[in-house]
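Have a look at the structure below before the remarks.
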Amino acid sequence: MHEQHAKAYHSYHEPGNDGIGTTIMDALTSISEQSPNELGPLNDVIDPDALDRLFHAQPDGRPRGAGYIHFSIQNYEVSVHSSGHISITPHHETTVRLADQR
């Protein structure tokens, strides 16, 4: 599931489903209308297994604390939050937004 709000695309990773890397790539392929091969492997940018461990419940079952990670892939900025929320913004939108804040 993903939605577009103010030039950012939002998706949500459901715990227990495929890894969060799969959720990210599914959203990116849908948004960009490119195949995973055209986007390139996620592990060229970030380690998907480390990403899963970062947001997976602690060994005793307690949820991890609030946090997020931000990275770029192709022409997109991706933010992944511990809540499972994923936001994806095209680079040109990020650049315009930063320029408008000055």
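Suppose the chain between Asp18 and Ser83 were pulled fully straight at 0.36 nm per residue; how much longer would it get relative to their current alpha carbon spacing? Don't jump to the answer; show the numbers that get you there.
On the way: separation 65, 0.36 × 65 = 23.40 nm, distance 1.57 nm.
Taking 0.36 nm per residue and subtracting the Cα distance, the gain is 21.8 nm.
Under 5 Å between amide H atoms, partner at least 5 residues away or on a different chain: which partners does Glu77 have, H built in plane at 1.01 Å?
Residues meeting the criterion, in which the H sits 1.01 Å from N, are Thr89, His91.
Kindly report the accessible area of region 9-50 per residue (heavy atoms of protein chains, probe 1.4 Å, no ligands, DNA or RNA), in Å².
57
Of the accessible area of region 2-52, with the probe set at 1.4 angstrom, what percent is carbon plus sulfur?
Details: 1260 of 3010 Å².
That fraction is 42 percent.
The values are calculated or read from the model by the stated rules, or taken from the named source; none is laboratory data. Predicted model only: the values in this text are computed from it and were never measured. The accessibility values were calculated without ligands, DNA or RNA, using every heavy atom of the protein model including side chains. Shrake-Rupley method; radii C 1.70, N 1.55, O 1.52, S 1.80 Å.
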